[in-house]
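Only one structure is covered here, and it is reproduced in the block below.
The values are calculated or read from the model by the stated rules, or taken from the named source; none is laboratory data. As the structure is a prediction and not an experimental result, all values here were calculated from the model. All Cβ positions, even for glycine, are placed from backbone atoms using ideal geometry, and neighbour counts span all protein chains on display. Just so you know, the surface numbers come from the protein's heavy atoms only, side chains and all, with ligands and any DNA or RNA stripped out. Shrake-Rupley method; radii C 1.70, N 1.55, O 1.52, S 1.80 Å.
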Amino acid sequence: MTLLAATRSEYTKQFTTAGWWVLGIVLVVYVGFTAGLLAFVFGGVASGELTGATGPALSAEGVPALVYSSASAVGYVFPLLIGTLMVTTEFRHKTLTPTFLSTPRRGVVLVGKFAVGILVGVLYGILGSLAAVAAGAGVLSVFGIDTALGSGDTWVLVGRMLLAFALWAVVGIGVGTVVRNQVAAIVIVLAVTLFIEPIIRTLGGVVEGFGDVVRWFPSAASDALVGQTIFGAMGTGGSGDALEWWAGGLVLLAYAVVLLVIGLFTTWRRDID
């Protein structure tokens, strides 16, 4: 089977099941709610309408980008999950057996997943960005804050978020190739993204010198790529030591490549149970 045929096969597997759109709906709801809440809090503080609030001072000009960037700041777990499921679901349901019989060159199968994963990641990026911009701009307009939708910087931000989502999907594929057990892979993804990394990044903002280490973490690299971070607005995460946007993208890509190479030369080459 050629690479084109393998990619077409992966496309069919992905978009003829309900998993991708169920996660997509959850992504839209989750990101929309988060962006709306951030717009209410930061917009209210910046406009002076939310009295009695304490926290870092924000200028009204910087609020829209911060709110919109929540799409990748909190939504990156979704392309990471779908990328992981693209691989572990096949191990769980043993559909890799006929796949490898029709395509003995296993690297071709992995590249096909890589291509479809990027497509799904970009799709999730579009959904997340639309949810964040729609909810965030709607709430900000209530406070009379310029939504910055006419600014080129806003759409550069959105473009970088699409790139971040695509890279996170590839990282997820890498995780799935290394950790074949689906339950274990999902637990690892959720534990790292929802607990371990947020705690460590918070420590990076309060422990002197630790920020130099934290900035190389996947989520910190993703925030650097996008150019905005909630951690930075809250004064945590060592944002002062953040990477350049292009360096953040390269670091996130490096995580994906390392995981894919490890998976390709270990679990991907094993016999299928």
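Suppose we keep only residues that are open to solvent by less than 20 Å² (accessible area, probe 1.4 Å) and among the aliphatic types (A, V, I, L, M) within segment 109-132. Which one would you say is nearest to ILE262 (Cα to Cα)? Full working, then the answer.
Start the filter on segment 109-132 by keeping residues that are open to solvent by less than 20 Å² (accessible area, probe 1.4 Å), which leaves 109-110, 112-113, 116-117, 120-121, 124-125, 128-129, 131-132.
When the remaining residues are screened for being among the aliphatic types (A, V, I, L, M), the result is 109-110, 116, 120, 131-132.
Details: VAL109: 16, LEU110: 12, VAL116: 20, VAL120: 23, ALA131: 35, ALA132: 35 Å.
Here the answer is LEU110.
For the condition part of a helix (DSSP H, G or I), surrounded by fewer than 21 Cβ atoms within 10 Å (Cβ to Cβ) and modelled with pLDDT under 95, what is the one hit in THR97, THR88?
Values: THR88 fails: surrounded by fewer than 21 Cβ atoms within 10 Å (Cβ to Cβ).
None of the others qualify; the one that does is THR97.
Any idea which of ALA191, ALA166, ALA148 is without any contact (Cβ under 8 Å) to a residue 24 or more places away in the chain and either under 19 Å from ALA71 (Cβ atoms) or surrounded by fewer than 16 Cβ atoms within 10 Å (Cβ to Cβ) (or both)?
It is ALA191.
Being over 23 Å from TRP155 (Cβ atoms) and surrounded by fewer than 19 Cβ atoms within 10 Å (Cβ to Cβ) is the requirement here; does GLY48 meet it? Quick ask: steps written out before the conclusion?
On the way: over 23 Å from TRP155 (Cβ atoms): yes; surrounded by fewer than 19 Cβ atoms within 10 Å (Cβ to Cβ): yes.
The answer is yes for GLY48.
Starting from residues that are more than 16 Å from ALA169 (Cβ to Cβ) and of a type in the set (Gly, Ala, Ser), keep the ones in segment 59-85 and report whichever is surrounded by the fewest Cβ atoms within 10 Å (Cβ to Cβ).
Here the answer is SER59.
Filter segment 133-145 down to residues that are touching a residue at least 12 places away in the same chain (Cβ under 8 Å) and not aliphatic (A, V, I, L, M) and give me whichever is least open to solvent (accessible area, probe 1.4 Å).
GLY136
For segment 199-220, what are the residues that are crowded, with 23+ Cβ neighbours inside 10 Å and either of a type in the set (Val, Ile, Thr) or modelled with pLDDT of 95 or more (or both)?
VAL214
Kindly evaluate SER69 against the criterion of being more than 17 Å from the chain's Cα centre (by Cα) and not basic (Lys, Arg). Full working, then the answer.
Values: more than 17 Å from the chain's Cα centre (by Cα): no; not basic (Lys, Arg): yes.
Spelling it out, it is not the case that SER69 is more than 17 Å from the chain's Cα centre (by Cα) and not basic (Lys, Arg).
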